[in-house]
Every structure is written in C-alpha cells, then in structure tokens.
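Everything below concerns the one structure shown next.
The values are calculated or read from the model by the stated rules, or taken from the named source; none is laboratory data. Small disclaimer: the values here were computed from a predicted structure and weren't measured. Because the Cβ atoms are built from the backbone with ideal geometry, glycine has one as well, and the counts that use them run over all protein chains shown. For the accessible areas, the whole protein counts, side chains as well, though only heavy atoms, and no ligand, DNA or RNA atoms are used. Shrake-Rupley method; radii C 1.70, N 1.55, O 1.52, S 1.80 Å.
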Amino acid sequence: MLQQSSYQFSYRRCREQDLPDAAIAHHPVVVVGAGPVGLTLAIDLAQRGQSVVLIDDADRIGEGSRAICFSKRSLELWDRLGVGGRMVEKGVVWSVGRVFHGDSELYQFNLLPEDGHKMPAFVNLQQYYAEAYLVDRVQELPLIDLRWRNKIVGLEQHNDRAILTLETPDGSYRMTATYVVACDGARSTVRGLLGVEFSGQVFEDQFLIADVRMTAEFPTERWFWFDPTFHAGRSALLHRQPDDIWRIDLQLDRDADSVEERRPDNVRPRIERMLGHSNFEFTWISIYKFQCRRIDRFIHNCVIFAGDAAHQVSPFGARGANSGLEDAENLAWKLACVLKGSASQSLLESYHIERSAAADENIRESTRSTDFMAPGTKQQARLRQAVLALAKDTDFAKRMVNGGRLSKPSIYETPLSSPDTDAWNGGPRPGTSMVDAPVVTGDGQAIYLTDAFIRAGGGFGLLEFAKGAALQLPDQVSSIRVGTHAPYSDPRGLLAIRYDATPGSAYLLRPDGYVAARFRRPTPAAIEAAVSRACGHV
Amino acid sequence: MRLVTQSNFSNPDAAFRLVVEAHRGLTDEQSASLDTALVLILANQVGDLEVLREAIALAKRHLVGDPSVRGAKTI
Ligand SMILES: Cc1cc2nc3c(=O)[nH]c(=O)nc-3n(C[C@H](O)[C@H](O)[C@H](O)COP(=O)(O)OP(=O)(O)OC[C@H]3O[C@@H](n4cnc5c(N)ncnc54)[C@H](O)[C@@H]3O)c2cc1C
C-alpha cells in the first residue's frame with residue numbers, strides 16, 4: 001500500500017578491484033556516502049577541478065521520507081552547482097508560516113518579505129528528488145567516480161593517508177586516500193570505525209510522519225498547530241510537497257506504541273479528523289524520535305566529517321540537510337585549495353571552527369523548539385500554556401511561541417575574517433553569507449548578484465561599487481564591478497542599500513560566498529592581506 | 001550585579017498586598033497559572049537577560065532541596 005518514488009542505480013565493478021594488493025589505487029579525496037551532503041560536496045569539489053571518488057553502500061535513493069524543506073542558502077549553493085533551477089522548478093515555493101493555537105491563528109511570519117532575491121525563502125521538495133537531481137549532475141562531471149554498493153568496512157589512518165577497505169557484491173578491495181570525508185549519515189560507519197563519540201540529548205517524544213496524496217486547496221504555507229481540536233493536547237504540522245503530496249507531522253504521547261501507531265488503520269482516523277475528509281491515500285508513514293548531538297572534532301587527521309555524520313538535530317526548523325549542505329560548501333573550496341597547494345592544511349581547521357559553531361547553534365535552536373513542543377515538567381507545561389494564552393493579545397508572547405525556527409545560515413566568528421576597520425550601518429558583516437540583490441549586465445540582462453558571483457568563476461570575488469578606475473586585483477580574485485561605467489549596474493539601488501555601499505566600497509567574498517572583508521576605500525594591499533587571511537595564512 | 005535588591009516601591013506593603021490579593025479565591029492550580037503568566041509579563045518588562053538570570057539565581061537561593069542550587073539550605 002505504501003509507495004514511494006525511488007531511483008535505482010547499478011553497481012559496476014571497477015578496474016581497481018582487480019589490482020594486486022601491492023598496487024592499490026590512491027585518490028586525493030574519497031567521499032563516503034552519496035546522500036544530499038556527499039553528493040553536493042562531490043559536485044562542488046569537481047567544479048573546482050578536484051577529482052573525487054564517491055562511494056555509497058546502497059544502490060538506490062528514495063527509500064523513506066525525510067527532508068522536504070530546503071532553504072534559500074541551500075538553493076543558492078545548488079544554483080552555483082548547476083541544479084538550483086531544477087530544484088525550484090519542481091519544488092513548492094513558500095515563505096509564509098502560520099501558527100495556530102487550538103483553532104485560532106496566533107500569528108504568521110514571512111521569511112522573505114522583500115523582493116529582489118533570485119531564490120525563494122524555501123522550497124518543499126522530497127529529498128529523493130533533490131538526491132536524484134544531484135546524481136544527474138554528478139553524472140555530467142567526469143571528475144566524479146561514483147561507486148554504488150561500495151560499503152566502507154575498514155579504515156586505517158597513517159601519517160599522510162588513510163587506507164579504506166570497501167565491500168562490494170564482488171567481494172572487498174582497498175584503496176588509499178589523502179582525505180576521506182565521512183558523509184555517511186547519522187549512523188556513520190566511519191565514526192564507528194574511528195571510535196569517535198557522538199553525544200548529546202535524546203528526546204523521548206514521538207512524532208508521526210504521514211505523507212498523504214490528495215488534491216487540496218490549502219495555500220502553500222507552513223501551518224503549525226498547538227493543541228488543535230483535531231489532535232488535542234499535542235502539536236501538528238502541515239506542509240505541501242510537489243505531486244499533490246502533503247506532509248503531516250503529529251506529535252504523539254511519549255509512551256505511544258510505535259508499532260501500533262504506525263498501522264495505517266490507526267493513522268487514517270487521525271488524519272481524517274485533521275482534514276475533515278477521507279479523500280487521501282498514504283504514500284509514507286513512519287514514527288520518529290529525535291536526537292540532538294554532535295561529534296566533538298569535525299576533523300580527525302585526514303578524516304573529515306560532514307552532515308548528519310557530524311551532527312544531528314530535531315527536524316523542527318529544517319536544519320538537518322540544510323546545515324549539512326552548508327558544511328559541504330564550507331569544506332569544498334578549502335579542501336580544493338589545500339589539495340592544490342594554494343593553502344596550507346591549517347585552512348581546514350577553520351572548517352571545524354566555523355561548522356562546529358554552526359552545529360551548536362542548530363542544536364540549540366532545534367532543542368529549544370522541541371522543548372517548547374514537549375515540555376518536560378508540569379510547570380514547564382504551564383509556562384508554555386501561559387505563553388500561548390498571552391500570545392493572543394501581546395507581541396512579546398507571540399515571539400516566544402516556538403513551533404520551529406527555520407534554518408538560516410550562521411554568521412561565522414572566524415579567523416578567516418578581517419575585522420571591520422571602517423564604519424558600516426548595515427550590510428553583511430564579515431563572516432556572513434552574501435545577500436542577494438538584482439543587478440543588470442552591460443547588455444541589459446536582468447540577473448542577480450548570486451548569478452554575477454557564479455559568473456565570476458567560483459573563486460574569491462570582489463564586489464566593488466565603482467568609483468574611478470577599477471582596482472588592481474590579486475590573481476585569485478575576480479571582479480564584480482557595479483556602477484555607471486562598470487560591467488554591472490544597480491538601477492533599483494537595492495544592491496547599494498543591502499550592502500550599505502558608498503561609491504568606492506568593496507566586499508571581498510570567499511569562494512563559498514561568505515564575506516571575508518569589506519572596505520570603504522579598498523587598496524590592493526588590503527585586499528591581498530584579506531585574501532591571504534581568508535586562505536588561512538594568518 | 002545589575003539586579004536591584006533595594007526596594008523600588010515607596011509603599012512596599014501595598015505592592016506585596018497587590019500580589020497577594022491577586023491570588024484570593026484561587027485554587028493552587030489557578031494560582032500557579034497566574035504566577036506563571038506574571039513571570040513572563042514581568043520578565044518582558046525587565047527586558048534584560050542578565051537581570052533575569054540574576055533574579056532566577058536569587059529566587060533559587062531560597063529553594064529547598066533543589067540539587068542544582070549550590071549552598072541551598074535544607075531544613
Ligand atoms: C522526518 C524527517 C524530516 C526531515 N526534514 C528535513 C527538512 O525539512 N529539511 C532538512 O534540511 N532536513 C530534514 N531532515 C534531515 C535530513 O533528512 C538529513 O539531515 C539529511 O538526509 C542528512 O544528509 P547526509 O547526506 O548527511 O546523510 P544521509 O542522507 O543519511 O546519507 C548518508 C549516505 O551514506 C550512505 N552510507 C551509510 N553508511 C555507509 C557505509 N558504511 N559505506 C558507504 N556508504 C554509506 C547511505 O547509504 C546514505 O546514502 C529530516 C529528517 C527526517 C528523518
């Protein structure tokens with residue numbers, strides 16, 4: 001009865017499997033796990049000219065229903081990787097959320113209240129579609145060697161390399177790698193092989209996830225209920241996905257019998273009560289408990305962890321896959337630079353600094369949401385009740401109601417940033433991801449800053465608000481010049497506003513699109529110094 | 001210490017009375033709900049996390065048998 005789209009791939013024996021043990025193949029990077037994070041990382045590395053071996057123990061995707069909400073930042077990243085358009089086209093675009101208490105609306109929020117951004121605040125897209133599109137992109141890139149049904153079962157670390165043992169339908173073989181990136185998910189085998197601890201908080205609360213197919217006229221918004229009449233005393237979430245599929249998420253009792261609760265006969269009446277009709281069919285039902293935890297160090301010699309293998313959050317806030325994708329974009333350029341020899345290994349340490357702080361933030365936010373939904377003691381429940389009651393007529397309490405704070409990229413406090421030395425009254429400060437805005441090309445094409453950044457080639461970019469002659473830039477920095485006699489113009493003036501720019505101002509963007517430094521009056525020497533700092537040469 | 005522990009009221013008795021009176025005729029359960037709402041309303045009025053933290057610490061100092069409070073008195 002339960003059906004799910006799935007994509008099947010085939011295992012192919014590779015030549016390396018026939019090499020004698022003395023001649024085992026060496027690879028600069030092996031990415032373990034072709035989930036959203038591993039796929040994205042491999043594509044980013046390949047686009048930076050780095051060859052990658054990507055292995056996965058399965059040969060299919062689309063089993064189980066998981067992430068649906070992909071953030072603006074993830075879409076901007078995927079756009080740079082050539083798949084953003086496809087994700088948005090298939091996905092359901094949304095930015096408004098409503099929160100109800102009982103049957104009345106408490107408040108609504110809009111995650112992207114302004115125009116002039118290429119990407120929406122969020123799209124809802126089944127994770128299997130996202131993965132399938134990423135696999136399609138992987139197949140266009142000859143630098144990626146994707147091997148299905150290659151399961152990592154052994155890992156030894158030596159000074160300058162790791163030796164991996166892989167199991168395939170044809171038996172096992174070995175390879176060596178300068179770097180191994182573990183993107184093998186929450187149950188990471190690599191973590192186990194290295195004996196790395198994964199600690200944090202386990203939540204006892206159970207949540208029922210049902211994906212149902214139906215035609216409905218609900219707006220494409222995120223609806224969240226506390227204590228609705230159709231599911232008294234608990235919370236509920238409704239979200240639209242492509243293909244007339246709706247995600248329903250119902251909080252259950254802590255001691256609910258998960259086997260019983262998962263039976264369609266028991267789920268059906270719950271959903272009927274919620275929807276007020278029975279014109280739907282299930283495409284997926286499962287019951288989840290959540291954990292919030294992370295590993296201590298994201299880097300263990302030549303093994304680097306990313307995505308769920310490094311951190312796990314509760315789903316309220318859509319921070320799981322989205323933060324894993326941010327890991328991938330953070331790591332890709334650094335690893336490519338180190339392997340090319342244009343940065344020292346110390347650049348990688350900033351991956352740990354930046355992304356472990358982001359993991360802490362995501363864990364904190366998603367823990368707060370989960371705690372709000374499932375208070376632990378009687379008085380904690382009373383506090384929540386009071387907030388919900390006060391929220392009907394006060395702003396302060398509305399803002400305490402926490403039905404999930406949706407994923408936003410972290411602002412990095414990082415040694416790679418050059419601190420501001422000029423005065424700014426806005427604009428993204430160093431450590432912040434770039435803010436999009438419309439720009440127009442010399443031949444009158446209306447595009448966005450994120451497009452201009454992609455066209456600049458994926459390295460460092462200098463967003464320069466033209467005044468007089470163009471600056472002399474170091475080799476590894478491409479120019480994105482905006483102004484009257486420059487390649488781009490800003491007719492609506494939105495770019496200048498969003499960057500608090502005056503003529504002559506400039507922002508140095510890292511290859512992952514984060515601001516490294518900004519200047520009111522940039523000089524070649526200052527830019528050079530900021531680039532060097534952003535490459536880890538302090 | 002940012003928390004004010006000197007009296008802010010010119011008539012402290014009236015202030016105490018006002019809070020006590022608010023509970024007249026309420027069941028314990030209702031009283032607990034009232035206090036809970038008051039805490040949130042007043043916390044927002046204070047609008048300062050540091051002051052709130054100090055207030056919580058002060059309140060906890062006189063809590064009986066709370067394992068998280070160092071130096072808590074037990075009777
Ligand atoms: C109900 C639910 C809803 C969610 N909703 C959202 C959401 O809306 N937004 C969001 O951002 N996130 C959401 N998430 C979280 C999201 O699904 C995960 O964070 C995401 O899948 C993590 O991606 P990953 O690539 O790190 O790991 P995974 O997707 O788990 O991929 C790991 C890969 O590694 C492979 N692998 C495992 N072991 C080995 C091995 N030994 N050798 C080789 N390969 C191996 C696996 O086959 C798999 O392909 C949700 C999760 C759940 C459960």
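Here are some notes:
Here is a yes/no grid of residues against (1) open to solvent by less than 40 Å² (accessible area, probe 1.4 Å); (2) part of a loop (DSSP other than H, G, I, E, B):
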{"residue": "A:V53", "(1), (2)": "yes, no"}
{"residue": "A:R66", "(1), (2)": "no, yes"}
{"residue": "A:G82", "(1), (2)": "no, yes"}
{"residue": "A:R86", "(1), (2)": "no, no"}
{"residue": "A:F100", "(1), (2)": "yes, no"}
{"residue": "A:E105", "(1), (2)": "no, no"}
{"residue": "A:Q108", "(1), (2)": "no, no"}
{"residue": "A:V153", "(1), (2)": "no, no"}
{"residue": "A:L164", "(1), (2)": "yes, no"}
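- Residue in the stretch A:332-341 that is among the aliphatic types (A, V, I, L, M), in contact with a Lys or Arg (Cβ under 8 Å, 6 or more places away or on another chain), away from the ligand (no atom under 13 Å from the Cβ) and at pLDDT below 95 present: no
- A:W94 being closer than 20 Å to A:N330 by Cα and within 15 Å of the ligand (Cβ to nearest atom): no
For every residue, the table says whether it meets (1) within 14 Å of chain B (Cβ to nearest Cβ); (2) surrounded by 20 or more Cβ atoms within 10 Å (Cβ to Cβ); (3) part of a loop (DSSP other than H, G, I, E, B).
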| site | (1), (2), (3) |
| --- | --- |
| A:R368 | no, no, no |
| A:F372 | yes, yes, no |
| A:A381 | yes, no, no |
| A:A423 | no, no, yes |
| A:D436 | no, yes, yes |
| A:D443 | no, no, yes |
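- Flag for A:L141 being within 11 Å of the ligand (Cβ to nearest atom), open to solvent by 10 Å² or more (accessible area, probe 1.4 Å) and either away from chain B (no Cβ under 14 Å) or touching a strand residue (DSSP E or B) at 6+ places or on another chain (Cβ under 6 Å) (or both): no
- Strands (runs of 3 or more DSSP E) enclosed by the stretch A:461-529 - at least 3 residues per element that are more than 19 Å from A:G426 (Cβ to Cβ): A:477-482
- Close pairs (6 angstrom Cβ cut-off, 6 or more residues apart or separate chains): closer than 21 Å to B:I56 by Cβ in the stretch B:2-19, open to solvent by 100 Å² or more (accessible area, probe 1.4 Å) and not polar (S, T, N, Q) anywhere: B:A15/B:F9
- Qualifying residue in the stretch A:228-236 (condition: within 16 Å of the ligand (Cβ to nearest atom) and open to solvent by 10 Å² or more (accessible area, probe 1.4 Å)): no
- Selection count where residues are buried (at least 17 other Cβ atoms within 10 Å of the Cβ) and more than 9 Å from chain B (Cβ to nearest Cβ), scope the stretch A:385-404: 7
- The number of residues in the stretch B:5-57 that are open to solvent by 90 Å² or more (accessible area, probe 1.4 Å) and not polar (S, T, N, Q) comes to 11.
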